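Down below is the structure, laid out as structure tokens.
The values are calculated or read from the model by the stated rules, or taken from the named source; none is laboratory data. Quick caveat, the model's predicted, so the values are computed rather than measured. Virtual Cβ from ideal backbone geometry, glycine too; neighbours counted across all protein chains shown. The protein model used for the area step is the full one, side chains on, heavy atoms only, and it has no ligands, DNA or RNA in it. Shrake-Rupley method; radii C 1.70, N 1.55, O 1.52, S 1.80 Å.
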Amino acid sequence: MNELVDLVDWSRAQFALTAMYHWLFVPLTIGLSLIVAIMESIYVHTGRERWKGITKFWMTLFGINFACGVATGLILEFEFGTNWSNYSWFVGDIFGAPLAIEGIVAFFMESTFVAVMFFGWNRVSKRFHLASTWLTAAGVSLSALWILVANAWMQNPVGMRFDPAQMRNVMDNFFEVAFNPVAMNKFFHAVFSGWTLGGVFVVGVSCWLLWRKRNVSAAISSVRVGGLVGLAGILLTFWTGHGSAVEVARVQPMKLAAMEGLYRGTTGQGLVGFGILKPEGERTDEEPLMFGVDIPYGLSLLIDGNTTSFVPGIRDIIDGIDINAAGDTVCTVSYADRIALGTQAREALSRYNEASRAGDSAAMEAAAAEVERNFKYFGYSYLSSPEAAIPPVALTFYSFRVMVITGGLLLLVLVVATFASKRRRGWLEKGWLQWAGMLSIALVWICSQSGWIVAEVGRQPWVIQDLMPTGAAISDIPSASVKLTFWIFAVIFTGLLIAEISIMLRYISSASKSNIETPKH
């Protein structure tokens, strides 16, 4: 038993390590690709060579980051086969489809046009080169779309049925999978947050140039473009974040309760603006917080647009008290009953296999009907108790608050920087604004990583919501091998990150010593 727990924990840790390193590169790639495309559009439209030089400067930084993102992304996909083979078998027909589309369509698209983007200067026409840059940006976003379609299916499995003959799930409606409401919200939220990160990165680097009094004109122009993209991105991120919260309340109420540290809900539920949870052993259903500042009626208003709506807490959900799609309080199946019904589904599946071996078609049909009837609770049969379905509350709660608070600070920086670049250029000469811009680079990655933690840790213990917990999804391999590869990956990824940061810093420093507005042909 200890070996199994060890294997699950280390497999989760290795995947989390890879995903979080990969997520360092992805949003910057999304944001910079759009900013570079906008800058080149200005160059083509105005014919001013200075914009060609500015475009090339940021394009090189995009290319460095793009290469690192590809390296970590490939390893991430391989881990589904090496560490999570039970999961891959159970849902491979569904989960593999969007990943295959991402590789065949989006990745090849961006890989093709990124070559023209970097090496096509003066070899193809201006407009063809510009089209290649925009298609690269589109390809980057398409990659994000299909990856997030796959991820969203894990959070809200739709468009599928379980086939007892194959002992696996099969897709029966591709469009339900592709247009899963959770996927649409996650996609736009991720893309807009990428715009935010890219915009903040451009503003921050430009503030360093202003602080060092190098390429001042190019830096101010870059602040204007990066600030506008970042500002649009963060406002749209807040909007899609609201949409994501509504979807979470609908399909993952336990995650929402963990995000709020809410154990017993009420009508007119407040939203915790800031709070400190009591230690887990001292936490009670009625008073989980040691200290908290609430926004009155905020959570009810957020998820339902109604200040009097009931929002269930962790204990309510375990007891079977929930809200339906219409926002009404209803009694559903308690977690204890879900475990019992899930166990019945597993037992019926065993009877199906026995009947199949015996050639008893009547018994097979009866067992298959029972499996189908209770299959939506199948995953609960692997849980040792209802409490095993509670995600890590503290990590989810604090990560959500870090994301929101840092997002608010970034909004302030972007508003001030954008306004200064258009109306008060003298402000950009002030040390306080330059330092705020530079420090916001670290802040935006903290915000981005916190959001990813909320999304993934908040759905634990599920790999597939309600259908497969983490412990049932792993490969049958020695935990020692997972530990070894974890530390190998930790060293490699850290080295890759250090190398990327070093290369970008050296490029920024060396390029800034010359006039970046004068492009090298």
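List of remarks:
- Signed unit charges on C-beta, dipole axis of the chain, positive-most listed residue Thr29, Leu262, Phe90: Thr29
- Net dipole in debye of the range 218-292 [+1 Lys, Arg Cβ; -1 Asp, Glu Cβ; about Cα centre; nearest 20]: 360 debye
- Accessible area of the range 136-206 belonging to carbon and sulfur atoms, whole % at 1.4 Å probe: 68 percent
- A straight Cα-to-Cα reach below 19 Å connects Lys213 with the aspartates and glutamates Glu429, Glu517, residues fewer than 8 places away in its own chain not being considered.
- Mean sequence separation of contacting Cα pairs (under 8 Å, at least six apart), scaled by the length of the range 298-400, corresponds to a relative contact order of 22 percent.
- Förster-model FRET efficiency, 51 Å R0, Lys513 and Ile276, C-beta, rounded to 0.05: 0.60
- Crossing angle, helix 431-457 versus the chain [Cα axis fit, 0-90 degrees, rounded to tens]: 20 degrees
- For Ile321, the residues 5 or more places off, or on other chains, whose built amide H falls under 5 Å of its own are Thr332.
- Amide H contacts under 5 Å for Leu277: Met290, restricted to partners 5 or more places along the chain or on a different chain, H placed in the peptide plane at 1.01 Å from N.
- FRET E, pair Met20, Ser481, Förster distance 25 Å, beta-carbon r, rounded to 0.05: 0.70
- Net length available on complete extension from Glu372 to Glu387 is 2.9 nm, with 0.36 nm assigned per residue and the Cα-Cα distance removed.
- Among (1) 26.7; (2) 24.9; (3) 28.3, the entry that matches Kirkwood radius over Cα pairs in Å as calculated here: (2)
- Simple spin-label estimate for Trp432 and Ile501 in nanometres, 7 Å along Cα-Cβ: 2.8 nm
- Computed [θ] at 222 nm, helices only, for the chain once each DSSP H run of length n ≥ 4 contributes -39500 (n - 2.57): -24500 deg cm²/dmol
- Rounded tilt (10° steps) of 361-374 against the dominant C-alpha axis of the chain: 60 degrees
- Crossing angle, helix 335-358 versus the chain [Cα axis fit, 0-90 degrees, rounded to tens]: 70 degrees
- Farthest toward the positive end of the dipole of the range 219-307, out of Leu228, Phe238, Gly305, is the Cα of Leu228, where the dipole comes from beta carbon charges about the Cα centre.
- Separation of the range 159-212 and the range 475-510, taken as the distance between their Cα centroids, equals 23 angstrom.
- Solvent-accessible surface of the range 301-452, taken per residue with a 1.4 Å probe and all protein chains present: 49 Å².
- Rounded to the nearest 20, the Cβ-based charge dipole of the range 1-110 about its Cα centre (Lys and Arg +1, Asp and Glu -1) stands at 760 debye.
- Each of Trp452, Gly431, Gln465 was placed along the dipole of the range 364-478 (beta-carbon charges, centred on the mean Cα), and the one lying farthest toward the positive end is Gly431.
- Measuring only protein heavy atoms, the 1.4 Å probe finds Val482 accessible over about 0 Å².
- Note, ³J(HN,Hα) from phi for the range 170-177, Karplus 6.51, -1.76, 1.60, rounded to Hz, x at Gly and Pro: 10, 6, 10, 8, 4, 5, 5, 5
- Total charge dipole magnitude, the chain, about the Cα centre, Cβ charges on Lys, Arg, Asp, Glu only, Debye to nearest 20: 3480 debye
- Of all aspartates and glutamates in the structure, the ones whose alpha carbon falls short of 18 Å from that of Lys186, not counting any fewer than 8 places away in one chain, are Glu102, Glu176, Glu247, Glu456.
- When all protein chains stay in place and ligands, DNA and RNA are ignored, the 1.4 Å accessible-area order of Glu354, Glu365, largest first, is Glu365, Glu354.
- Partners for Lys422 among lysines (Cα-Cα distance below 16 Å; same-chain residues under 8 apart left out): Lys430
- Whole-number percent relative contact order across the chain, with pairs defined as alpha carbons under 8 Å at least 6 apart: 21 percent
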